[in-house]
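Structure first, commentary second.
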Amino acid sequence: MSGDMPEGKNVRYALGEKGAWLGIVSNVALFGFKMAAGVAGRSQAMVADALHTAGDVLTSVAVLFGFKLAKQPPDEHHPFGHGRAESIMAKLASVALIAMGIGVALRSVRLIVLSEASVPGSIALFAALVSIAVKSVVYRKVIRTARKVRSSSLETDAYHHRSDVLSSVAAVFGIAGARMGWPYLDPMAGIIVAGFIVKAGAEAFHRAYDELMDAALSVETRADIISAALVVEGVREVTSVMSRKAGIEMFLEIIIKVDGAKTVAEGHEITVRVERSIKGSIEGVSGVVVHAEPY
């Protein structure tokens, strides 16, 4: 993979924004269709599924807004740039998603307790099947983009699309069961869908929390960084790798050991080559601070 030169970073932000726009457009269209079908078909499961899609609109908008803030260049007040705007927006959206899921669950429980469940119309079942097909395609496209640009917020957005597929599957079973003579299966499916909404929100919250709290890199990424440093001639050992992730960008601080007999100038040259090697091998690395200690 190529190093994260400024133009490369801009391309990755552009790809991320494109993925967010795909989610927004598809979710807005599906929300309108599913909500209309849920109301016309008197299906609590489909109304819940539509609200789940509305939550996906919210998260996609948050991801897009986060990208637009994050790509602003560093300034005196924010020397590491604005990358964490992406994580902050993802965290706010996740809280809203959890609240929405709880609301859907309470409404579904109320229908069961008050014996107000009704038999949904066929339009609701059709809407659920359309949602499964569309969301499956959107999920595959967005997850590929998220992994390409290494964006945790866009990856979270992709998982929201996948959870929408699962919630639509639950809606299919609930609506079909209600139409076959078990009307309470529809609001029960609504409760299951609410569970998917809350789960998606909780996962998004945890991911954003990890980024804001400088959680450790994955084992695979850390191993790649160490390998990129060890291939540089003169590096005898890598003793520490610390990271700070800001949106799609990573800032690293590593400690290497070199031959103690080398001069300061020689040690400095090794650290420069290590920095170049890491930036040239690990996509998304915007800054590397290398400390050299005697082996």
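Worth a mention:
- For the residue pairs K91/K199; K245/K279; K148/K279; K141/K279, the alpha carbons lie more than 21 Å apart in K141/K279.
- Taking every C-alpha pair closer than 8 Å and separated by at least 6 residues, the mean separation divided by the residue count of region 219-294 gives a relative contact order of 35 percent.
- Value of Rg to Rh for region 6-212 (Rh from inverse mean 1/r over Cα pairs, i.e. Kirkwood): 1.05
- The chain: angle of helix 152-179 to the longest principal axis, Cα-based, in degrees nearest 10: 20
- Cβ-based exposure ranking for F173, F31, in which fewest neighbours within 10 Å come first: F173, F31
- Intensity falloff of region 130-280 expressed as log10 I(q)/I(0), Debye formula with alpha-carbon point scatterers, at q = 0.13, 0.21 Å⁻¹: -0.74, -1.21
- Whole-angstrom gap from region 116-179 to region 237-283, using each part's C-alpha centre: 43
- Principal axis dimensions, region 168-228 - Cα atoms, whole angstrom, descending: 62, 22, 10
- For q = 0.12 Å⁻¹, Debye-computed log10 I/I(0) when each Cα of region 219-294 counts as one equal scatterer: -0.29
- Exposure proxy ranking, count of Cβ atoms within 10 Å, fewest first, for D186, D75: D75, D186
- With the convex hull drawn over the C-alpha atoms of region 102-195, the volume per residue is 75 Å³.
Coordinate-derived values only; no laboratory data. This is a predicted model, so every value here is computed, not measured. Neighbour counts are summed over all protein chains in view; Cβ atoms, including those assigned to glycine, are modelled from backbone coordinates with ideal geometry.
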